[in-house]
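Below you'll find the structure, written out as structure tokens, and then a few comments.
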Amino acid sequence: MEFTIRQIATLLNGTTSGDDSLKISRVSKIEEGGAGSISFLSNLKYEPYLYTTASSAVIVDKSFQPKQSVQATLIFVDNSYSAFTQLLEEVNRRLKEGRSGVEQPSFAGAGTSFGEGGYRGAFSYVGDNCRIGSNVRIYPQAYIGNNVSIGDNTIIYAGVRIYDNTVIGRDCVLHAGAVIGSDGFGFAPQADGTYRTIPQLGNVVIEDNVSVGANTTIDCATMGSTIIRQGVKLDNLIQVGHNVEIGRNTVIAAQTGIAGSTKLGDNCVIGGQVGFAGHLVLASGTKVGAQSGVGKSIKEEGVSLNGSPATELSENMRSLAVFRKLPSLEKRVSLLEKNHRNQYGSEVPANGKVS
């Protein structure tokens, strides 16, 4: 697959400086580029590579002014990072266009319908009474249960497991090994010390333009729905408990666990390995640092949290500053106690009061 630099500039609504007739066949980091590749410059700490790169073209901001001569053809755009992302999306779309039709063996149950232009890979399974939209790609060994709805242009990668009654919107991506709709962690303790399983009768609803990372699990609701709102991006290896609700455009990094019935607002940013207790409510715009433990609800929007237990970021930073001083403080206290013993011949009382 090849583009000319001129074609890329047109796609990105950019202008060029240099030979825009050159052919581009791959994308590369600016420090690793070669002939026929295109790169981008967004972070100016990489600017020195611009003057040495072997890439044929580099995407830069319109406001950028080179300090030296540049061998590569430059494509000037409003935002180089966003433009490069747009280019990657176009390349990715064209790479996947080749997959269409139905490979065998595959299975589709009674009453199931498929839109136009889709793809079903070998050994994929689609249950009864499902509604699969147009241009949906279901890769090999994916499992889709009964009464599942999947919107147009959604991609179900190999090995995904989608349980009965799940609803998935348009333009979603579910990466390999994701499990959608498995039982929530519901067990009632009994008088004899055993646990009785609480049936999980709800489902999972995933709205449009959601990305679910590899081996991420989203549990079905006990009753009602576990809901992943429009535009949410979930990294790999995330656990979403039953009846959780994740607000629009919230992003969550890997290995985060969200206990049942917790609700995250819109546009939250959650770092890796964060743990949420159950039945919490986080206001929109909340930011949580990696490895934090969130045990209480946050009502004010736009708060940044860090630590375990998680506290407001500035408070946590002050606590860490004190914590780093504890070894020297311990030495000072020991020295004071030693001087007290030498002077008075006795230990400092436990209450710290010196008579």
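I'm told Lys67 meets every condition in (1) in contact with a strand residue (DSSP E or B) (Cβ under 8 Å, 6 or more places away or on another chain); (2) in a loop (DSSP other than H, G, I, E, B); (3) over 16 Å from Ile5 (Cα atoms); (4) of a type outside the set (A, V, I, L, M, F, W, C) except one. Can you identify the failing condition by its number?
(1)
State whether the residues of region 296-305 include one that is farther than 22 Å from Gly272 by Cβ, within 36 Å of the chain's Cα centre (by Cα) and modelled with pLDDT under 85.
No, that holds for no residue.
Does Arg248 meet the test of being under 27 Å from Gln200 (Cα atoms), of a type in the set (Lys, Arg) and surrounded by fewer than 21 Cβ atoms within 10 Å (Cβ to Cβ)?
It is true that Arg248 is under 27 Å from Gln200 (Cα atoms), of a type in the set (Lys, Arg) and surrounded by fewer than 21 Cβ atoms within 10 Å (Cβ to Cβ).
Does Gly293 meet the test of being closer than 27 Å to Gly186 by Cβ, in contact with a Pro (Cβ under 6 Å, 6 or more places away or on another chain) and surrounded by fewer than 19 Cβ atoms within 10 Å (Cβ to Cβ)?
yes
Those residues that are within 14 Å of Ile252 (Cβ to Cβ) and surrounded by fewer than 21 Cβ atoms within 10 Å (Cβ to Cβ), I need them from region 178-213; list them, please.
Selection gives Ser211, Gly213.
Would you pick out the residues in region 1-57 that are in contact with a strand residue (DSSP E or B) (Cβ under 6 Å, 6 or more places away or on another chain), assigned to a loop (DSSP other than H, G, I, E, B) and among the aliphatic types (A, V, I, L, M)?
Scanning region 1-57 gives Leu12, Ile30, Leu41.
Consider Asn129 carefully, then state whether it is under 18 Å from Val210 (Cα atoms) and either surrounded by fewer than 18 Cβ atoms within 10 Å (Cβ to Cβ) or modelled with pLDDT under 95 (or both).
Against the criterion (under 18 Å from Val210 (Cα atoms) and either surrounded by fewer than 18 Cβ atoms within 10 Å (Cβ to Cβ) or modelled with pLDDT under 95 (or both)), Asn129 does not qualify.
Applying the selection to region 256-295, what residues are closer than 14 Å to Gln239 by Cα and β-branched (Val, Ile, Thr)?
Thr256, Ile258, Thr262, Ile270, Val274
The values are calculated or read from the model by the stated rules, or taken from the named source; none is laboratory data. Just so we're clear, the structure is a prediction, and the values are computed from it rather than from any experiment. With ideal geometry, Cβ positions are generated from the backbone for all residues, glycine too; neighbour counts draw on all protein chains shown.
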